[in-house]
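The values are calculated or read from the model by the stated rules, or taken from the named source; none is laboratory data. In this text the structure is predicted, and so the values were computed from the model without any measurement. Note that each Cβ is placed from the backbone with ideal geometry, even for glycine, and that neighbours are counted across all protein chains shown.
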Amino acid sequence: MVLAVIKLGGSVVTDKEKKGVFRREVAVAFFKQIKGMREVVLVHGGGSFGHPVALEYFRHGATIPLGISEIHRAMVELNSLIVDVALEQGVPVMPFPASSIFVAENGEIKECFLDPLRLSLKRGMVPLCYGDVVADSARGFSILSGDSIASALAVELGAEYLVYCIDKDGVLDEYGLPIRLLTNRDQIHKVRTIPDITGSIEGKVREALKAAKAGVKTFILNGLHPERLSMLLEGKEVIGTEVRWVG
C-alpha cells in the first residue's frame with residue numbers, strides 16, 4: 001500500500017449551515033472505506049465546529065487568548081467525535097493537533113516537527129491531524145487550515161497520493177460540472193468559489209499545486225462518495241479533479 005495523505009473536509013463531516021452539527025453517518029461510511037489501509041495519514045477540517053468560532057475571533061485579525069482557546073476547544077470537540085467513529089470501525093487513529101507539530105510565520109508553515117507522527121505511522125497507527133490555531137512567530141497566533149496541513153504533510157512525508165475530500169464532485173466549472181484536470185497553467189481564479197475563514201476552493205487548489213509540484217499525485221474528490229477514494233487508490237478512474245504540475 002502506497003502512502004496517501006487524505007484531507008477530510010469540514011463540509012463533508014459537518015453540516016456547515018448549522019453550528020456544531022456532526023455528520024456521523026458520513027464519517028462511518030468514510031472509515032469503513034479506509035479500514036485496513038495502514039499507509040494513510042488523515043487530516044480533517046473545522047466545518048461548523050471550528051469555523052464559526054474562528055470567524056468570531058479572527059474577523060479583524062485579533063488574537064485574543066480566550067479566543068485561541070475557544071477555537072482549539074471546538075476543534076478538539078470535532079476531533080473527538082471523529083476519533084470515536086474511527087475506533088468503532090476498527091481504524092487505529094492517533095490524533096496530532098496542528099498546534100503541537102507546526103509553527104507558522106505570517107500564516108504560512110515555517111517549521112514542522114513530524115518525528116512522533118512518522119513513528120506512529122511506522123508502528124501501524126493512522127495519524128490524524130486537523131486544522132487549528134498555531135503559534136506564529138510574526139503574529140503571535142494564526143489559523144492553519146487543514147488544506148495547508150495536508151499539502152505540507154504530503155510533501156514532507158513523501159506521499160504518493162494527496163486526496164482532498166470535499167462535498168462536491170471535484171472543482172466545478174462555471175456550469176457546475178467537475179473539471180477533470182487543473183494545472184498550474186490554468187487560470188485558477190476563474191473556478192467557482194465560495195470563501196470562508198480558511199480560504200476557498202481556489203485556496204485549496206493552490207495548496208494542492210504545492211504538493212503536485214513536489215511530485216505528489218493530487219486529487220479533489222467527493223467525500224460523500226467515499227468508495228471513489230478506494231477506487232482511486234486502487235488505480236481506477238473516478239469522478240473528480242486531478243491537480244497536476246506541468247513544467
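Give me the residue from region 11-24 that is at pLDDT 95 or above and not polar (S, T, N, Q) and, out of that set, nearest to residue 218 (Cα to Cα). Write out each step before concluding.
Here is the first cut: in region 11-24, the residues at pLDDT 95 or above are 12-14, 21-24.
If we keep only those that are not polar (S, T, N, Q) too, we end up with 12-13, 21-24.
Values: 12: 18, 13: 21, 21: 29, 22: 27, 23: 25, 24: 26 Å.
Filtering first and then ranking leaves 12.
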- Filter result for the condition that a residue is of a type in the set (D, E, K, R) and within 16 Å of the chain's Cα centre (by Cα), over 16, 32: 16
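Working only within region 154-165, note down all residues that are surrounded by fewer than 24 Cβ atoms within 10 Å (Cβ to Cβ) and out of contact with any helix residue (DSSP H, G or I) (no Cβ under 6 Å at 6 or more places or on another chain). Full working, then the answer.
So in region 154-165, the residues surrounded by fewer than 24 Cβ atoms within 10 Å (Cβ to Cβ) come out as 155-158, 160-161.
Matches in region 154-165: 156, 157, 158, 160, 161.
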- Task: Return yes when residue 170 is outside any helix (DSSP H, G or I), within 21 Å of residue 4 (Cβ to Cβ) and either aliphatic (A, V, I, L, M) or in contact (Cβ under 8 Å) with a residue 12 or more places away in the chain (or both) and no when it is not.
- Result: yes
- What's the number of the condition residue 204 fails, among (1) at pLDDT below 95; (2) basic (Lys, Arg); (3) more than 13 Å from the chain's Cα centre (by Cα)? (3)
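Of everything in region 202-245 that's among the charged types (D, E, K, R) and closer than 12 Å to residue 161 by Cβ, which residue is surrounded by the fewest Cβ atoms within 10 Å (Cβ to Cβ)? Show your work before the answer.
Within region 202-245, the first condition is being among the charged types (D, E, K, R), and the residues that meet it are 202, 204, 206-207, 210, 213, 217, 227-228, 234, 236-237, 242, 244.
Subsequent filtering for residues that are closer than 12 Å to residue 161 by Cβ retains 217, 234, 242.
Details: 217: 19, 234: 8, 242: 20.
Checked region 202-245; the qualifying residue surrounded by the fewest Cβ atoms within 10 Å (Cβ to Cβ) is 234.
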- Taking region 135-153 and the residues there that are over 11 Å from the mean Cα position of the chain (by Cα) and under 17 Å from residue 203 (Cβ atoms), the one that is surrounded by the fewest Cβ atoms within 10 Å (Cβ to Cβ) would be 142
